[in-house]
């Protein structure tokens, strides 16, 4: 297949790492590695563009350029990654219609609450237009699938699953020893967390974790919390950590994704509250390496973690409950091991990237054939 690819929320070559970026990039790269020809139709970022009329003339010019670009490429279909009210696809439906090719959305999102706010109404309408004109939509979250089912017929809607490459996040005993020696943590129980430390819900999640961890140090003295990640909130969070737990919390700075398996291997538990988390690839990576997860029972962790089987979830904002869950796992190594083993198996079964994206590829092949039928 020849595929015109577009990511209106964040271009796949964007420098700022995120779970959404990883999903979009892996989708693009998987299809390319399968032998399909892909053209990035546009690298424009449409985040909040419906609220920025000053950018509309530039968007029109980009539409003309993208149309010419895609016409010359002669694709079999257009594939948009992640359209929702903040970043609706304003190019794909129109260009696909002009060229008479199928239009597909991977990770479509729909929620009627955004039609009730004048600030989000235009984005809601634009995104709904894209969804209704799609020949097929993939939903990779239960909540999105249920919402999309309200406006899209079953034949045009598929429930799919994100995933990781399990081989890249396997437990490694050598790496575990390396990290523990590097940070002088032999004999310590290690809780690992990783996030972008920006001033929003990410920083709030880490703040909650720091506060939940503080009482743990009094119950289980030989315990250290490692936090991987960087951002503008880091100095403030380091001050909070020093005040709350002294030297029991270490900030590692940014750790490249292909190095994270070493830290997962060295840890006993992965903990990240996940306030307003859509999914959280780190939950999948940590479980693949055999770590039980402690988090809030928000949509992202609930999607990635099997409560009571591969981790322990608590209500959002209930810091005391998170503390209890951390202590429960740290004081019960057999439970930790049992959940860690179950976590590894669950990732291999439900969140294997290759298996899940092959199903997407098969559906794309079928959708692309309608133009020739």
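The values are calculated or read from the model by the stated rules, or taken from the named source; none is laboratory data. Model, not experiment: these values are computed from the prediction. Here the Cβ is made from the backbone with ideal geometry for all residues, glycine too, and neighbour counts use every protein chain on show.
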Original post:
more than 27 Å from the chain's Cα centre (by Cα) and touching a residue at least 40 places away in the same chain (Cβ under 8 Å), is that true of residue 70?
Top reply: yes
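With the requirement that a residue be within 22 Å of residue 16 (Cα to Cα), outside any loop (DSSP other than H, G, I, E, B) and touching a strand residue (DSSP E or B) at 6+ places or on another chain (Cβ under 7 Å), what does segment 232-259 give you?
Hits for segment 232-259 are 234, 238, 251, 252.
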**OP:** State which residue is surrounded by the most Cβ atoms within 10 Å (Cβ to Cβ) when the search covers only segment 330-354 and only residues that are more than 30 Å from residue 221 (Cα to Cα) and more than 18 Å from the chain's Cα centre (by Cα).
**Re:** 345
Original post:
Quick one: would you say residue 168 is part of a helix (DSSP H, G or I), under 16 Å from the mean Cα position of the chain (by Cα) and farther than 18 Å from residue 328 by Cα?
Top reply: no
**OP:** Kindly provide the set of residues from segment 195-231 that are part of a loop (DSSP other than H, G, I, E, B), without any contact (Cβ under 8 Å) to a residue 40 or more places away in the chain and farther than 14 Å from residue 274 by Cβ, ordered by number.
**Re:** 198, 199, 221, 222, 230, 231
Subject >> The listed residue being outside any helix (DSSP H, G or I) and at pLDDT below 95, out of 15, 75 >> reply: 15
**OP:** Please enumerate the residues belonging to segment 26-62 that are farther than 20 Å from residue 106 by Cα and not in a helix (DSSP H, G or I).
**Re:** 52
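Answer with yes or no whether residue 260 is more than 21 Å from the chain's Cα centre (by Cα), in the same structural domain as residue 300 (by TED's automatic domain parsing) and modelled with pLDDT of 95 or more.
On the way: more than 21 Å from the chain's Cα centre (by Cα): no; in the same structural domain as residue 300 (by TED's automatic domain parsing): yes; modelled with pLDDT of 95 or more: yes.
When the stated conditions are applied, residue 260 does not pass them.
The rows are residues; the columns are (1) surrounded by fewer than 21 Cβ atoms within 10 Å (Cβ to Cβ); (2) out of contact with any strand residue (DSSP E or B) (no Cβ under 7 Å at 6 or more places or on another chain); (3) free of Cβ contacts under 8 Å to residues at least 40 places away in the same chain; (4) more than 24 Å from residue 76 (Cβ to Cβ).
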position: 103; (1), (2), (3), (4): no, no, yes, no
position: 106; (1), (2), (3), (4): no, no, no, no
position: 115; (1), (2), (3), (4): yes, yes, yes, yes
position: 128; (1), (2), (3), (4): yes, yes, yes, yes
position: 139; (1), (2), (3), (4): no, no, yes, no
position: 162; (1), (2), (3), (4): no, yes, no, yes
position: 169; (1), (2), (3), (4): no, yes, no, yes
position: 172; (1), (2), (3), (4): yes, yes, no, yes
**OP:** Evaluate the following for residue 291: is it farther than 30 Å from residue 134 by Cβ and not in a helix (DSSP H, G or I)?
**Re:** yes
Original post:
Given the residues 179, 206, which is the only one that is buried (at least 21 other Cβ atoms within 10 Å of the Cβ) and in contact with a strand residue (DSSP E or B) (Cβ under 8 Å, 6 or more places away or on another chain)?
Top reply: 206
Original post:
Which condition number in (1) crowded, with 23+ Cβ neighbours inside 10 Å; (2) free of Cβ contacts under 8 Å to residues at least 24 places away in the same chain is the one that residue 249 fails?
Top reply: (2)
